[in-house]
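The values are calculated or read from the model by the stated rules, or taken from the named source; none is laboratory data. Because the structure is a prediction, the values reported are computed rather than measured. When the accessible area is computed, the model is the full protein with side chains, heavy atoms only, and any ligands, DNA or RNA have been set aside. Shrake-Rupley method; radii C 1.70, N 1.55, O 1.52, S 1.80 Å.
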Amino acid sequence: MVQVARELRDLWSAHQVEVDANVAMIEDAVGDLMADALGQSTLDAARRAAHQLAGTVGTYGFVDGSAHALALDRALEHTPLPKDAPRLAALAVALRAALADETELPLADGADVPVADGAEVPVAEGPAILVVCADALRSDALAAEARRRGLMPFVAADPLAARRTVEAGPAPEFVVLDPGDAGWVADALALGGELAGRPDGALAVILADERTDRVEVARHRCAILPRRGSPEAIFDGILTLRDARPRTRRTILAIDDDPAILAAVHALLSGRGWIVASSSDPTALWDALEQHRPDLLLLDVDMPGTSGIELCRAVRGDLRWAAMPVLFLTARRDAATIEAVFEAGADDLVNKPIVAAELHVRIANRLERTRLLLALSEVDPAISAANRRTGVSQANHLIALAASQRQPMAIAIARVDAPPGLGELERRTVAEQTLRAAAVALRGTLRAEDVVARWGDRELLVALYGLNAAQARRRLAEALDEAPATRTGVAGYPTDGGALEILCGSAARALERPDDADADSQPVDVVVIEDDAVLADLLEQALELRGYSCRVIGDGDAAVRALTGSRPALTAPLVLLDWDLPGRNGLGVLRELGRAGVLHQTRVIMLTLHSGESETLEALKLGAFGHVAKPFSVPVLLERVRRALEA
Amino acid sequence: VQIAPHDRVGDSQRDPEANAYRHVLVIDDSRLMVEAARIGLDRLSGWRVTTATSGHEGVALAAATGPDAILLDVEMPGLDGPGTLRALGEQEATRRIPVVFLTAAADSDRERLTALGAAGLIAKPFEPARLAGQVSEVLGWSR
């Protein structure tokens, strides 16, 4: 954590005056005590100073200083006597000396990191991850966490630097974009989209906040994780997303105590489009299996401490890895070794010294066999997409991720209309072709972690991570633009339910609803009448994450039309009403709602920018339940919403 | 009209402790402490951090911003830690927010502080890089 040390040093320098003042207060008190003239206020000030220093300076590395300050803190707890003066004076001098010794500060040059002797320390390499983050401190923490997860981090401060890194280094398997307040979101998405859109596409993740345009993110095939999360939580999310994706690139894990062999394996296999992870430490095998979930394992026969044959037997004994192909690398050719290797459950054996073509062909053969087996069990060949069982399991995976990351997601059912006037067999064939076209269009446009699977004879199941129902509807309309005769019904998690069956039911009902009534025919919890799209989006997301269903209307006249009438298109117990609106302004909307009798069953909270007293009073007189001044804090507003709905 | 969102949504989905929405208010009269906490919680862990350098400011900010937890220094001029805790307990908007004391005090003080109703204690000095983990542990938040 070199960056942390650097920041702490800077803070320490910036706050020297404060520290000096505290030490001076202690010295003053000790001086007065020596002269037998210690007053109460001087003593109180010194006591407070000692206490504050005792708590603070240790954090900045001053271990001795912290101990001296703590001793002074204790000694000053009770009013000291003149006979205590020499001891206190000695402590004060020691304190000042300790705090002046800047060598105590955490080192910023990295010299506190033990320098590894390359030959003796086990080497381990994993898939590359590109971290693009403007805050050096944060990218340092993300890179450290990546290393803990067996990944090889490459850090760049902005998309331009990131492009240079990508051109120079290996193709990253993961990309993390953390724009924060930097102004390069669009460039970052363009880069993420390019890397995710390659044939062996990377998993590109943007760390999003309330300002992020989620549909735009989805257009660039980037996944979304919340920016406000510890590095651990972020990497939990990234690896869960990885596991949710159908794997396009295969991962090979190589364990060999000879780093030269590992280097050769990397050189020979990385260029073939495979991801290669390796370790020269056989005891790291189990961690590496968990971290990388390899599709194939390469083992050395003779390693110090452990034999590869023993490891192979143990791997075969573990149900999760029992089906993974294991290949041995060995220089031995005696019958006994070969027999032992196959007896332990190995699939094949490759001779050392390695011959590039042989290694490649043997690995490719094994991977192709497992791919075929997997495809038979997971893919519906008629539509070239996941079958129903696989789709359900993938969608459940995404729902679990959305729950743990507190992200919205959407479940959709897409149905193709069979053309009228054909025989049953023809109808079936045409429907199947249309369904296939829709599946191909979706698969080609959506992200790899999004789910596209067979649902029924004429239906597809689609799951979109990180988008709410309205955003998903927009995204699907774009994706299905070219696909004929396909209708979709969408349900949002967690608004419409927490379990897949409920969400599918809700999506199916949305499908049955006639198009014109699609959006505005249901009662919702909160109607937001707000023309600022960014603010409206923020409110919608915050409300939906709390489990409230919500509808946004951006125009005063439209709001009155939707909420009034004998059979209003929209009913809600609560309306959040902006003051300045196109069409009728907020006060005008409120007046109309009152006239139509809507306020009997609906409460209105005004969102006021210039909350002049007279305007607020007028709104309250017209029947508003309350008002919240802009700019408001979202948690406070949500608390007001909760109370308005429960009161 | 009674709306009970939990009828529709599992509790885990609205868990205010879930990582994505962690917001911590740090109240300490030492700027050095507050900034060190910001490094650990905001810059390293991505939590939202609001800071106050006095008890009164802290109470006002707690009510205005509704944090998920409060880290509170014990000894401060003016309204001290225990006084701040009491003031937080007297307000409807803030009484349910868990408070963790930051203390350089000896172990004998721990019982007294815990008896005041704090959710836990974290010893000063702390290491910024470990602070988020310590807070999570004290409050039982999953990391």
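Structural remarks
- Surface per residue (accessible, 1.4 Å probe) for chain A, Å²: 43
- Cα gyration tensor shape for the protein assembly as shown, rounded if a/c is under 1.5, else prolate or oblate: oblate
- Anchor A:K630: lysines whose Cα lies under 23 Å away (excluding residues fewer than 8 positions away in-chain): A:K621
- Average Cα contact separation per residue, region A:264-351, under 8 Å, 6 or more apart, as relative contact order %: 24
- Region A:229-290 - Kirkwood radius from inverse mean 1/r over Cα pairs (Å): 13.2
- Minimum 20 Å² accessible area buried by the other protein chains, region B:32-48 residues, probe 1.4 Å, relative to alone: B:L32, B:M33, B:E35, B:A36, B:I39, B:R43, B:L44, B:S45, B:G46, B:R48
- Relative contact order of chain A: 7 percent, from C-alpha pairs under 8 Å at least 6 residues apart in sequence.
- Prolate/oblate/rounded call for region B:80-135, Cα gyration tensor, a/c under 1.5 rounded: oblate
- Buried on assembly, region B:117-143 (at least 30 Å² less accessible surface than by itself, 1.4 Å probe): B:P125, B:P128, B:R143
- Accessible surface of the protein assembly as shown, 1.4 Å probe, proportion on carbon and sulfur as whole %: 53
- Interatomic Cα distance distribution for region A:382-429, bins of 5 angstrom, percent: 5, 15, 16, 17, 14, 12, 8, 6, 5, 2
- Global form of region A:126-231, assessed from the alpha-carbon gyration tensor, a/c cut-off 1.5: rounded
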